[in-house]
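All remarks here apply to the structure that follows.
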Amino acid sequence: MALRACGFIVFRLATSVPPPDNVEYLLLQTSYGEHHWTPPKGHVDPGEDDLTTALRETKEEAGLGEEHLRVVDGFVQELRYEVRGRPKEVLYWLAELRDPRTAVTLSDEHQDFRWARLEEACSLAGYQDLQDTLRAAHRHLEAQQDNK
């Protein structure tokens, strides 16, 4: 059975930059292993639904609770890969930080964080499937903007 994790691609709209370049994504740098960069995510606890896991993990890892986030309708991405020879599934939703000035508070699981525009976020992310997910999130936001 695959390990299952859930999280959010959290973004904020920078007020100092005009659209469409004003979208910044939150990436956290792990304190363990290769110190890779990732959106906040974590394993599903027994009896917990996926969206609740994403909210709990984002609160635990970045200090951003449900009150700080606006979940974007119509976006969820599933990544599948192996970790130490075991299959893993990760679901990511997309969420906007309501107040772009809200502080990020890291847990011990992470040593750094960065708000980055798409190309820098993809460069930090490293893994192709996560880069593809970030790009899909960006396209989703652009499509929503076009429909306004």
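Only helices enter this figure: runs of n ≥ 4 DSSP H residues, each worth -39500 (n - 2.57), summed and divided by the residues of the chain, yield -8500 deg cm²/dmol at 222 nm to the nearest 500.
Rounded to 0.05, the FRET efficiency of the Arg84 and Arg139 pair, given R0 = 35 Å and the Cβ-Cβ distance, is 0.65. Modelled label positions at Glu48 and Asp132, each set 7 Å beyond Cα in the direction of Cβ, lie 2.7 nm from each other.
Note that the chain presents 55 Å² accessible area per residue, ligands and nucleic acids not counted, probe 1.4 Å. Considering all different alpha carbon pairs of the stretch 42-146, the Kirkwood hydrodynamic radius works out to 15.1 Å.
When the chain is treated as a GNM with alpha-carbon contacts under 10 Å, the residue of Ala121, Ala95, Ala136 showing the greatest mean-square fluctuation is Ala136.
Along the axis of the charge dipole computed for the stretch 3-100 (Cβ charges of +1 for Lys and Arg, -1 for Asp and Glu, origin at the Cα centre), the listed residues Leu13, Gly63, Pro40 are led at the positive end by Pro40.
Give me the tail of P(r) for the stretch 28-103 as a percent: Cα-Cα pairs with distance above 22 Å. Please report the intermediate quantities before stating the final value.
On the way: 752 of 2850 pairs.
Result: 26 percent of Cα pairs exceed 22 Å.
Helix hunt in the chain: which complete DSSP H runs extend at least 24 Å axially by C-alpha with mean Kyte-Doolittle at least -1.0? Before the final figure, lay out the partial values.
Values: long enough: 128-146 (27 Å, -1.44).
Passing helices, by number: none.
Please state the charge dipole magnitude for the chain, taken about the Cα centre, from unit charges on C-beta atoms (+1 on K and R, -1 on D and E), reported in debye and rounded to the nearest 20. List each step's numbers first, then the result.
Numbers: 17 positive and 27 negative charges, 32 e Å.
Around 160 debye, computed over the chain.
What size of dipole, in debye to the nearest 20, comes out for the stretch 17-91 about its Cα centre when the only charges are +1 on Lys and Arg C-beta atoms and -1 on Asp and Glu C-beta atoms?
Details: 8 positive and 16 negative charges, 56 e Å.
Taking the Cα centre of the stretch 17-91 as origin, the dipole is about 280 debye.
Of all DSSP beta bridges in the chain, what percent run antiparallel (nearest 5)? All intermediate terms of the calculation are to be shown ahead of the outcome.
Values: 25 of 34 bridges.
Of the beta bridges lying entirely in the chain, close to 75 percent run antiparallel.
Taking label positions 7 Å along the Cα-Cβ direction at both Arg70 and Glu34, the computed distance is 3.6 nm, reported to one decimal. Pull out a ≥ b ≥ c, the square roots of the eigenvalues of the alpha-carbon gyration tensor of the stretch 99-139, then state rounded if a/c is under 1.5, prolate if not and a/b is larger than b/c, and oblate in the remaining case. Oblate is the answer for the stretch 99-139, as a/c is 1.5 or above yet b/c matches or exceeds a/b. Highest mobility in the GNM of the chain, judged by mean-square fluctuation with C-alpha springs under 10 Å and restricted to Ser16, Ser123, Ser107, is found for Ser16.
Between the residues Ala116, Ser31, Leu51, the greatest Cα displacement towards the positive end of the dipole of the chain, with unit charges on the Cβ of Lys, Arg, Asp and Glu, is found for Ala116.
Specify the residue with the greatest mean-square fluctuation among Glu96, Glu119, Glu60, computed from a Gaussian network of the chain linking alpha-carbon atoms under 10 Å apart. Of Glu96, Glu119, Glu60, the Gaussian network model singles out Glu119 as fluctuating most.
The values are calculated or read from the model by the stated rules, or taken from the named source; none is laboratory data. Because the structure is predicted, anything quoted here is derived from the model rather than measured. Positions of Cβ are backbone-derived with ideal geometry, glycine not excepted, and every protein chain shown enters the neighbour counts. Only protein heavy atoms, including side chains, enter the accessible area calculation; ligands, DNA and RNA are left aside. Shrake-Rupley method; radii C 1.70, N 1.55, O 1.52, S 1.80 Å.
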